[in-house]
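One structure is given below, encoded as structure tokens.
The values are calculated or read from the model by the stated rules, or taken from the named source; none is laboratory data. Just so you know, these numbers come straight off a predicted model, no measurement behind them. Using ideal geometry, Cβ is built from the backbone for each residue, glycine included, and neighbour counts are taken over all protein chains shown. Side chains are part of the model used for accessible areas, which takes the heavy atoms of the whole protein and leaves out ligands, DNA and RNA. Shrake-Rupley method; radii C 1.70, N 1.55, O 1.52, S 1.80 Å.
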Amino acid sequence: MAVNQEKNNEFRNLIRALPSKPGVYQYLNEEKKIIYVGKAKDLKKRVSSYFTKTRTSGKLKMLVRKTKDIRFVVTETELDALLIKKEPFPRIFPTRHIVHDGSEYYGPYASVKMMKTLLDIIKQLYPLRTCSLHLSQKNIESGKFRVCLEYHIGNCLGPCVGNQSEEEYMQTIDQVRKIIRGNISSVIAELKKLMDTAAVEMRFEQAQLIKERIEILERYRSKSTIVNPAIDNVDVLAMVNDEKKAFVNYLKVNQGAIVQAHTVEIRKKLDESAEDLLGFALMDFRQRFESQAREIILPFDPGIDLPDVSITVPRRGDKKHLLDLSERNAKYFKAEREKQAMLTDPDRHKKRVLGQIRKDLRMKVLPEIIECFDNSNFQGDYPVAAMVQFVDGKPHKSGYRHFNIKTVKGPDDYASMEEIISRRYGRLLKEKKKLPQLIVIDGGKGQLSAAVKSLRKLGLYGKITIIGIAKKLEEIYFPNDPVPLYLDKKSESLKVIRHLRDEAHRFGITHHRKKLEKGTIKSELTEIEGIGIGTA
């Protein structure tokens, strides 16, 4: 069913004004809220396709129906590449602009660091010219040029004055091409042959120079080779998902070495499946990096049929190691993005942590206020209790409270817990103050049951989530549930609960120690004859 004619007419003039350039487009609804964001190499072609083609997807029909306005941003796809200029004695330098003059382009390199590393290696290995002189045979033979500083410091062999033949220079350029393409092994093999020949002919200085070049390449290869060098001309993609985004990493592998790497973030808008997202990223990367790889290593088959291309989903071995590496890159990229988002939006971290606690403890609301209780006594004497309060997952020290046990005689932790819970929340109810969403009891089933008993009397049981955390194994207990919950030791939920427990214990011990010292000093002094409250 085609999009109706009214909708076509509504956007006809707007679409006409769109440029045929790469960019990002946004669809807005009646409230001027963005309901979809997309990117395209040709904005006009991509956007017009939504309103002129027949759409079978219900999601796309709904998208078109709700779209009331379209906005766009033109972007330049400027990715760094290496250029071997078409000219006598060709130069090699980085560029962001492609000129169709027959020059050779390698890239683009999404990582500028990788491109600069390659350039540094080439400069260490080969003395190539960097000047822009027109080195025609006629100009060289006429003596038009003079050698520059680069010649005198050994960075150039002086082809401008005939000190290096074009044939010799082009042999060097051929080796550079191989290095850029990742064919380092073949370059090393060629250099070894040249070194052996030079040694046999007793050209020892030249043999030593070639040997040094081989060592440079070997060091570079040892740093860049990830797996078996037999894995050649392969694309690797891995994806990490969350509810709103997908992060896809791309690796280009030649002879076991990663020669290109890039990660993108894809925002989900239409509940796309993992297969859809991976397929989209795969086609985008291959087009962007002009990949001609005949094998693609993926975590699963996205259901795309590419002519003369095989898709591998490895379970073990070197290819699986590459896939794991790609996944780690995607995870690292995701973590970095989350850190950046946290810096610009501090509430993001709070919402994530509180959301995880809510999920793990099966709560109905976010635990914005959490209170944790701990009992302390010394051989039954000086019983005290402490309560600490966390707001938005962090200590709120003005909300900390100490309790001196008043109604309990002897060392009875259960009765003490019952008393302080009753006093704390009875007072909050009386003063009509805000109640916590989560109560944590430092103790096991017995102390949890005592706390629940007080909440029942106050009519708060079922309105506030309450849990107990056992001291040794740190298992979590819920009221009336004999089976404890074991949270992952590395989970953020357990980290916050531990922090609460430890802070309550520290706060309680500090108060108890002060009271104990005060009481001990008083009792020892009053035992001395003639010293006491009444001395007159």
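In the range 231-249, the condition of being aromatic (Phe, Trp, Tyr) and either modelled with pLDDT under 85 or within 18 Å of ARG181 (Cα to Cα) (or both) is met by no residue. Being in a helix (DSSP H, G or I), crowded, with 17+ Cβ neighbours inside 10 Å and at pLDDT 75 or above is a condition met by at least one residue of the range 53-63. A Cβ distance below 6 Å, combined with a sequence gap of six or more or placement on separate chains, defines the contacts here; from the range 384-405, residues that are hydroxyl-bearing (Ser, Thr, Tyr) reach residues that are not in a helix (DSSP H, G or I) in the pairs TYR400/VAL388. Residues considered: ILE304, ILE311, ILE258, ILE266. Of these, the only one that is in contact with a helix residue (DSSP H, G or I) (Cβ under 7 Å, 6 or more places away or on another chain) and more than 30 Å from TYR25 (Cβ to Cβ) is ILE258. I need the full set of residues from the range 257-302 which are under 22 Å from the mean Cα position of the chain (by Cα), open to solvent by 30 Å² or more (accessible area, probe 1.4 Å) and among the polar types (S, T, N, Q), in order please. Matches in the range 257-302: SER273 only. Looking at the range 401-418, can you tell me whether even one residue there is within 43 Å of the chain's Cα centre (by Cα) and open to solvent by 40 Å² or more (accessible area, probe 1.4 Å)? Yes, because at least one residue in the range 401-418 is within 43 Å of the chain's Cα centre (by Cα) and open to solvent by 40 Å² or more (accessible area, probe 1.4 Å). Among the residues of the range 156-208, those identified as over 30 Å from ALA230 (Cβ atoms), open to solvent by 80 Å² or more (accessible area, probe 1.4 Å) and not aromatic (Phe, Trp, Tyr) are ASN163, GLU167, GLU168, VAL200, GLU201, MET202, ARG203, GLU205, GLN206, GLN208.
Considering the range 103-133, the residues that are at pLDDT 80 or above and among the basic types (Lys, Arg) include one that is most open to solvent (accessible area, probe 1.4 Å), namely LYS123.
From the set of residues in the range 244-278 that are among the hydroxyl-bearing types (Ser, Thr, Tyr) and in a strand (DSSP E or B), which is farthest from ARG337 (Cα to Cα)? Selected residue: TYR250.
Look at the range 145-158: where a residue is of a type outside the set (A, V, I, L, M, F, W, C) and a partner is assigned to a loop (DSSP other than H, G, I, E, B) and open to solvent by 70 Å² or more (accessible area, probe 1.4 Å), sitting 6+ places away or on another chain with Cβ atoms under 9 Å, you get GLU150/THR130; TYR151/ASN163; ASN155/THR130. Restricting the search to strands (runs of 3 or more DSSP E) fully inside the range 356-430 and requiring at least 3 residues that are closer than 18 Å to ALA470 by Cα gives 369-378, 381-391.
With respect to ASN139, determine if the residue is of a type outside the set (Phe, Trp, Tyr) and open to solvent by 30 Å² or more (accessible area, probe 1.4 Å).
Numbers: of a type outside the set (Phe, Trp, Tyr): yes; open to solvent by 30 Å² or more (accessible area, probe 1.4 Å): no.
So ASN139 does not fit the description; no.
Considering only residues in the range 423-445 that are open to solvent by 50 Å² or more (accessible area, probe 1.4 Å) and in contact (Cβ under 8 Å) with a residue 12 or more places away in the chain, the one that is farthest from VAL391 (Cα to Cα) turns out to be LYS445. Contact map, the range 264-275: first residue of a type outside the set (Ser, Thr, Tyr), second residue surrounded by 14 or more Cβ atoms within 10 Å (Cβ to Cβ), Cβ cut-off under 6 Å, separation 6 or more or different chains; pairs are VAL264/VAL248; GLU265/LYS245; GLU265/PHE247; ILE266/ALA246; ILE266/LEU277; ARG267/LYS245; LYS269/TYR36; GLU275/PRO302.
Output yes when any residue across the range 372-385 is among the aliphatic types (A, V, I, L, M), at pLDDT below 95, touching a His at 6+ places or on another chain (Cβ under 8 Å) and buried (at least 20 other Cβ atoms within 10 Å of the Cβ), and no when none is. Within the range 372-385, one or more residues are among the aliphatic types (A, V, I, L, M), at pLDDT below 95, touching a His at 6+ places or on another chain (Cβ under 8 Å) and buried (at least 20 other Cβ atoms within 10 Å of the Cβ). Scanning the range 118-144 for residues that are polar (S, T, N, Q), free of Cβ contacts under 8 Å to residues at least 40 places away in the same chain and under 19 Å from THR172 (Cα atoms) gives a single hit, THR130.
Counted as qualifying within the range 130-239 are the helices (runs of 4 or more DSSP H) with 1 or more residues that are in contact with a Lys or Arg (Cβ under 6 Å, 6 or more places away or on another chain) and either on the phi < 0 side of the Ramachandran plot or of a type in the set (Gly, Ala, Ser) (or both), namely 184-200.
Checked against the criterion of being at pLDDT 75 or above, surrounded by 15 or more Cβ atoms within 10 Å (Cβ to Cβ), over 30 Å from the mean Cα position of the chain (by Cα) and over 21 Å from PHE285 (Cα atoms), the candidates TYR50, TYR36, TYR27 yield just one match: TYR50. Of the residues in the range 387-407, not one is touching a Pro at 6+ places or on another chain (Cβ under 6 Å), at pLDDT 90 or above and closer than 30 Å to PRO479 by Cα.
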